[in-house]
Structure formats: structure tokens, C-alpha cells
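*Asks:* One structure, pasted below without further comment.
The values are calculated or read from the model by the stated rules, or taken from the named source; none is laboratory data. Since we're looking at a predicted model, the values are computed, not measured. A quick note on method: Cβ atoms are made from the backbone with ideal geometry, for glycine too, and the neighbour counts reach across all protein chains shown. What goes into the accessible areas is simple: the full protein's heavy atoms, side chains included, and nothing from ligands, DNA or RNA. Shrake-Rupley method; radii C 1.70, N 1.55, O 1.52, S 1.80 Å.
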There are 4 protein chains.
Amino acid sequence: MSYAKQLLDTYPRDFNLDADLLAGAIDALSDCAQACIADADLSEQNIAEMVKCIRLCLDCADVCAATLGVVSRQTEYDANVTRPLLEACVATCKGCGDECERHAQMHEHCRVCAEACRRCEQACNELLAAME
Amino acid sequence: MSYAKQLLDTYPRDFNLDADLLAGAIDALSDCAQACIADADLSEQNIAEMVKCIRLCLDCADVCAATLGVVSRQTEYDANVTRPLLEACVATCKGCGDECERHAQMHEHCRVCAEACRRCEQACNELLAAME
Amino acid sequence: MSYAKQLLDTYPRDFNLDADLLAGAIDALSDCAQACIADADLSEQNIAEMVKCIRLCLDCADVCAATLGVVSRQTEYDANVTRPLLEACVATCKGCGDECERHAQMHEHCRVCAEACRRCEQACNELLAAME
Amino acid sequence: MSYAKQLLDTYPRDFNLDADLLAGAIDALSDCAQACIADADLSEQNIAEMVKCIRLCLDCADVCAATLGVVSRQTEYDANVTRPLLEACVATCKGCGDECERHAQMHEHCRVCAEACRRCEQACNELLAAME
């Protein structure tokens, strides 16, 4: 069982969201930030063609890390912050995932990164839907 | 002149936003993240009453840091990411600023932190307005 | 297989460290940052006794996140940065793990967090040893 | 007066370091992280020659941000963490500053970034010396 699920199962307060859904999002955010921060693109020969991908990965890593922090802390929940943050996260995962997918045939690490982005995009969308 | 303004003045590409407005937002985001990360609340005697403030400061620091990264990098601009991220930042600065202001009479550092949040909230709102 | 291992297996350049060892450290750093950032202590009734633990968790999350970034990027490796950073990471994981363990009987989430810290401390120590 | 100095002047506990020295380091760390995160190199035409600089800037931004967090929080001070972390920060600022300086004639933004790195390297060294 992931640390996120273990921590939520032992959380000292109630919270409104489903623990499995939330733990899934936390794990997906952590995986996506980790994949995007590695920035394997920087080691490619065709670096000039990878500039957009590098930039999108950096943005995606930053937004995922912030979203991870905010959704992990359940003490004070504010939909006015969490909702647009999750929307920004969905958009950055989609943009980064689309760009990575364009190079997935050429660069195997882009395929891995695209997969992490897709899973995170979906997990954030499911969390948003559960907040309705 | 701040580093943000110097860097934007020497930026190798054109970008659509006004450099003074953008540099102002970058400086305000950096100041607000710095104030919120210090977490002086943790050293207060009445810590039990400060829990909400601590949590809101942590969220505010995370969102400001991510927004700082995204708006600082001008290579690829995506309104679908930047707009909701700035909206999340405005909301977290407002929430944190309101809570800090409640303790501003009692704790001088909360007054300082509230001021940093207010300035950041305003700078992000101005950037959002310029993006219309 | 974790994303870290998949990414290292598809990395476009050679690097000097053993891929399994490095992937293990990356996963441990990511798990530890995630556990420490959740800050479940903030939701405890006996918050006044948890201040030291909260502070140590925040430091641990910050140092683990930075170490994660630096060891994930293999393009330019500088032992003068990586070595003291890993030493700082070992020390913060040890300090945070010790403090969490003191509350492990009382707070189940501290037991989980302590475990993440211990694993990360060990993984960073193994990486340091491999760098000799 | 910077927010760092204002916050330290209103800090609810005593701490062992000189407030001016510490505030100077906090401001220098914040400026350096901000300069390095902008990653103006990504927008340069000669991107293939800038790969090392981009990587070093990313590392520098990560280490400065973590050091900023740790030295800003004065509730629990642990020399076993702070000292190697400041040493890692000195090394990353030196490495990044040296590389940026190599391009300072060609790229004005590298000159600005080198200046931020130099000031941060010096401020961290002064803090280390004060901790003896």
C-alpha cells in the first residue's frame, strides 16, 4: 500500500473526499512530478526540437508539486484554491502529455513521461468530479 | 532594479505581457512565498489557535512557488495553465492574507505576512486582467 | 516497475551510478517528501507537543524534494553539490525519523512517516557509499 | 526593508544567528532561486551549447529553494542539516555562477544570473562562517 493511502487511513481528522480517490491522486501527482523533473530531454542530441517539451515538463513538475502539497494537507480545505489548482494541473498534464507523446516513438523516456502525465490528468479530473 | 526586471529586459524572445507588470508579479510571488515559508506561527505560544494560519501559509507558499516558476518561464505560454493557476494563487493569497490579518494585532509577523499576501493577490489579479 | 526505474532505463546518456540503486533512492526521496508534506501533525489535538515534529517534517520535505531534483537529472553531475546535499538529506531524514518515532505509539501517521524517513535515510546513505 | 528582515525582527523566539546576516542570506537565496528558475537559456538560439547551463540552473534553483525553507524556519535548528545544506548551496551557486559567467558576454541574462549566484554563494559562505 502506498504511503499516501496509509497516511490518509491514519489521518487524525475526517475529510470529505473518498480516501482511495485522494490517495490515487496524490500518488499520480508524485509520480508525474518525479517523471517531469528528471528532464531526460536535456540529454538528447536533438535538443533544439525538445525545447517546448523541456519547458512544458518544468511547468508540469512545478504545478504537480504544488497540487500535491495542497491536496495532501487536509486540515483546512478551500475549494476556491483547490478547484482552479486542479484545473491548472489537468491543463499542464494534458499539454505536457500531448507534447511527450509526439516524441514517444523517438524517445522512450518521453513515452514513460507521457504515461505519467496521462494518469495524473485523469486522477485530477476524477478528484475534480468528486468535488462537485 | 530587481533581478526579475533585469532578466525580462534581457530575455531572448518577445513575450506578450508588459515587462513591468510581469516583473512586479514575479517579485510579489517571490516575496509572498518567502514570507509564508518562514512559518513564524510555529514559534507562537498559542499554537493551537494558529493551526489554520499555518496550513494556509503552507498552501500559499506552495502555490506561489509554482506560479513563480510558470510565469517566469516565457518560452511556451499556455493560457489554459496560467489562468487557473493565477486564479488559484489569488484565492490562496486572499485566504492566507485574511487569516493573517486576524492575528495582525497580536502577532507582528502575521501583519508582515498579510501585507506580502495582499500585494501578491493584487499583482496576480493585475496579471490576469492584462491577459484578457 | 516505478517511473524512476523506467526513466533511468531509457536515459539517453550513460551515467556512473547503478541504475537500481539510483532508482531506489529517487523512489525513497519521493515517498519521504510526500509523507512529510502531508503534515498530519497539524490535525492533532496535542499540537503544542508536535511543533518540533512539524518543523522537522517541513525541513525534511524541502531537502528531499531538492535532492530528488538533483539526483534525477543526470546530464551534469557534480560531486561537490551532490555529496553534501545527500549528507544534509541523511541528517534531515534521521532527525525527522527519530522525532516521528517518538510519537509512533500515539499517532499512527507518525509511524508511517518515520518508516518513510528511515527508508530514505538508508537509500541516501547507500548512494553516498556508491559515490566513494 | 525586505520581508525577510521584517519577519526576523518580529520573530517570536530568540535565535542564535545575527538577524542582518540571516536576512541577507534569505534575500540572496530567494533572488538566486528566482533568477535560476526563469531559465532564459531555453529561449536561446544556441541551445545545444546551453545544456550544461540549463541543468546547473535547475539544480541551483532546487537547492536554493530548499535552503531558503530550512534557514527561514528558526523553530528547530539542526547544524547537522543546515551546515551540509549550506555547503551544497555554496557549491551549486559556484558551479552555476561559473558557467553563467562563461556566457555573460554573449547572453546578458547569463550575466544577471551569474551575479545572483555570486551574491548567494557569498551570503551562504558568510552564514556558514557565523555558524562556526
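*Asks:* Using the Karplus curve 6.51 cos²θ - 1.76 cosθ + 1.60 with θ = phi - 60°, what ³J(HN,Hα) values do you get for each residue of region D:28-40, in whole Hz, with x for Gly and Pro?
*Replies:* The phi angles translate into 5, 5, 5, 4, 5, 4, 5, 5, 6, 6, 5, 6, 4 Hz.
*Asks:* Do any residues of region D:1-40 show a loss of at least 30 square angstrom of accessible area between the isolated chain and the full protein assembly, using a 1.4 Å probe, and if so which?
*Replies:* D:Y3, D:Q6, D:L7, D:T10, D:Y11, D:P12, D:R13, D:S30, D:Q34, D:I37, D:A38, D:A40
*Asks:* Hey, another quick one. Could you work out the mean projected area of the convex hull around the alpha carbons of region B:1-60, in square nanometres to one decimal?
*Replies:* In nm², the orientation-averaged hull projection of region B:1-60 is 5.3.
*Asks:* Do any residues of region A:78-99 show a loss of at least 30 square angstrom of accessible area between the isolated chain and the full protein assembly, using a 1.4 Å probe, and if so which?
*Replies:* For region A:78-99, once contacts with the other chains are taken into account, A:V81, A:P84, A:L85, A:A88, A:A91 lose 30 Å² or more.
*Asks:* Another one. Counting only protein heavy atoms and using a 1.4 Å probe, what share of the accessible area of chain A belongs to carbon plus sulfur, as a whole percent?
*Replies:* For chain A, the apolar C and S fraction of the accessible surface comes to 45 percent.
*Asks:* Taking the label point as lying 7 angstrom from Cα along the Cα-to-Cβ axis, what are the distances from C:M131 to the corresponding position in the remaining copies, in ascending order and in nanometres?
*Replies:* 1.6, 3.8, 3.8
*Asks:* Shortest first and in nm with one decimal, please list how far the C:A104 label point sits from its counterparts in the other copies (point 7 Å along Cα→Cβ).
*Replies:* Result for C:A104, in nm, nearest copy first: 4.2, 4.6, 5.1.
*Asks:* Mind listing which GluC sites (Glu not before Pro) in region B:39-131 are in a DSSP loop and have 13 or fewer other Cβ atoms within 10 Å?
*Replies:* Filter output for region B:39-131: empty list.
*Asks:* Please give the solvent-accessible surface of D:H109 in Å², to the nearest 10, using a probe radius of 1.4 Å with every protein chain present.
*Replies:* Accessible area, nearest 10 Å²: 10 Å².
*Asks:* Measuring with a 1.4 Å probe in the full set of protein chains, what accessible area per residue, in whole Å², belongs to region C:30-132?
*Replies:* Ligands and nucleic acids excluded, the result is 33 Å² per residue.
*Asks:* A follow-up question, please. Decide, for the protein assembly as shown, between rounded, prolate and oblate: order the square roots of the alpha carbon gyration tensor eigenvalues as a ≥ b ≥ c, take rounded if a/c falls under 1.5, and otherwise choose prolate if a/b is larger than b/c, else oblate.
*Replies:* Rounded, since a/c falls under 1.5.
*Asks:* Over the Cα atoms of region C:46-131, compute the convex hull volume and normalise it per residue, giving Å³.
*Replies:* 78
*Asks:* Divide by every residue of chain A the summed helix terms, -39500 (n - 2.57) for each DSSP H run of at least 4, and state the resulting mean residue ellipticity at 222 nm, rounded to the nearest 500 deg cm²/dmol.
*Replies:* After summing the helix terms and dividing by residue count, I get -25000 deg cm²/dmol.
*Asks:* Also, quick follow-up: Whole angstrom only: what separates the Cα centroid of region C:1-59 from the Cα centroid of region A:78-132?
*Replies:* So the two Cα centres are separated by 21 Å.
*Asks:* Rounded to the nearest 100 Å², what is the sum over both chains of accessible area buried where D meets C, with a probe of 1.4 Å?
*Replies:* Buried surface at the D/C interface: approximately 2100 Å².
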